1. If the viscosity is 0.890 mPa s and the temperature 25 °C, what Stokes-Einstein diffusion coefficient in µm²/s follows for segment 48-88 when Rh is the Kirkwood radius over Cα pairs?
2. Per-residue counts of other Cβ atoms within 10 Å, averaged by peptide: what ranking do you get for 87-93, 50-56, 70-76, highest first?
3. When N counts the residues of segment 44-153, how does its alpha-carbon radius of gyration compare numerically with 2.2 N^0.38 Å, as a ratio?
4. Determine how many Å³ per residue the convex hull of the Cα atoms of segment 108-151 encloses.
């Protein structure tokens with residue numbers, strides 16, 4: 001009888017301890033201040049902006065814009081975030097949620113940007129400068145040729 005009573009007391013103590021521990025954890029979760037929770041940077045937080053026309057072998061400005069300029073990660077890191085851009089670690093300084101950097105596109109026309117849970121990958125169409133210069137020179141040459149021919153008549 002004493003052994004049965006001892007087993008019942010031990011089992012009831014185990015259940016009581018588990019109940020009180022679970023209750024304490026729930027109370028602790030209710031006490032967390034959500035204003036100091038640090039959000040991770042995700043694809044929903046950042047927008048990457050590129051110019052519409054990009055030339056090869058020239059520095060192209062790339063803008064990274066936070067949708068929320070008051071993102072907790074920006075506030076905690078004093079508006080400085082480390083990014084991995086095409087394999088290079090760069091620290092960008094954000095002003096009003098916007099940072100920019102220059103990137104040259106030559107052999108590898110891709111742009112890859114990573115930080116925390118954010119990832120951006122884009123194949124860039126970069127045009128060589130001669131694609132725009134040659135047609136303009138041809139038009140100018142044609143106009144000069146026409147003007148000379150009109151002068152001979």
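Read-outs throughout are calculated quantities, based only on the coordinates presented, and are distinct from any laboratory measurement. In this text, all values refer to a predicted model and were calculated from it rather than measured experimentally. Virtual Cβ from ideal backbone geometry, glycine too; neighbours counted across all protein chains shown.
1. 196 µm²/s
2. Working: 87-93: 11.1, 50-56: 12.7, 70-76: 14.3.
The densest-packed peptide leads the list: 70-76, 50-56, 87-93.
3. Segment 44-153 yields a ratio of 1.62.
4. 63 Å³
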